[in-house]
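The values are calculated or read from the model by the stated rules, or taken from the named source; none is laboratory data. The structure presented is a predicted model; accordingly, all values stated were derived computationally and were not measured. Ideal geometry is used to build each Cβ from the backbone, glycine not excepted, and the neighbour counts take in all protein chains shown. Calculation scope for accessible area: heavy atoms of the full protein, side chains included, ligands and nucleic acids excluded. Shrake-Rupley method; radii C 1.70, N 1.55, O 1.52, S 1.80 Å.
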Amino acid sequence: MNPWAFLGGLVLAVAAFFYGQHIGEQAIKLEMADQRANASENARHVEAGFRAKERANAQTMADIEKKARDEQKALSDQLAAAHRELRNRPERPTGDAMSKSPSGQLGCTGAQLYRQDLAFLLGEAARADGLRIALSRCQAAYDEAVRLTN
């Protein structure tokens, strides 16, 4: 056998081996790039889903806050109307006028309350309603948070 032919064949074999390695590396690099692109696309879709949920949750919380503000405004309007009606109420008598009142009365209705007494009761009722509204808002927010974590 001719040594130059043998050497040429050996060089061709080595070149073919390294060329195959190179082609294999290129195929692996292309596959890895394709996997990275797929992973990036999947991550983008997942992120978009999370953002959509986040917007929906923020809207739900905004609705809860709006409902509480609306209830608080309605309460304020009712309280203002009740305070306007207080002007028509008589003042509580002082001193001897209290002792001259008929002794046969054992109680009174809301229609018989004096201005100062009704003003105090209106304030207490408004404070209680304000607490009820705050509690309702807090419970709704808590229920929403529980729903989100399940």
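For the chain, the solvent-accessible area of protein heavy atoms averages 80 Å² per residue (probe radius 1.4 Å; ligands and nucleic acids excluded). Taking 30 Å as R0, compute the FRET efficiency from the Cβ-Cβ separation of Leu79 and Ala145 and round it to 0.05. For R0 = 30 Å, the calculated efficiency reads 0.45.
Maximal additional length on extending the Ala27-Arg89 stretch stands at 13.0 nm, based on 0.36 nm per residue less the C-alpha distance.
Kindly express, to the nearest 10 degrees and within the range 0 to 90, the angle between helix 115-149's C-alpha long axis and the longest C-alpha principal axis of the chain. It is inclined by approximately 20 degrees.
Dividing the summed helix terms, -39500 (n - 2.57) for each DSSP H run of n ≥ 4, by the number of residues in the chain produces a 222 nm estimate of -30000 deg cm²/dmol to the nearest 500. For the chain, the longest principal axis of the Cα atoms and the long axis of helix 3-85 meet at an angle of about 10 degrees.
Sort 122-135, 48-61 by packing, meaning the average of other beta carbons within 10 Å per residue, with the highest value first.
Details: 122-135: 13.2, 48-61: 11.1.
In decreasing order of mean packing, 122-135, 48-61 become 122-135, 48-61.
Going by accessible area, probe 1.4 Å, with all protein chains left in place, what is the ranking of Ser40, Ser136, largest first?
Details: Ser40 75, Ser136 45 Å².
Sorted by accessible area, descending: Ser40, Ser136.
At a 1.4 Å probe, what is the % contribution of carbon and sulfur to the accessible area of segment 1-83? Within segment 1-83, the accessible surface is 66 percent carbon and sulfur. Once semi-axes √(5λ) of the Cα gyration tensor in Å is calculated for the structure shown, the corresponding label among (i) 92, 11, 9; (ii) 27, 19, 12; (iii) 35, 18, 11 turns out to be (i). Extension gain, Ala56 to Trp4, is 11.0 nm, computed as 0.36 nm per intervening residue step minus the present C-alpha separation.
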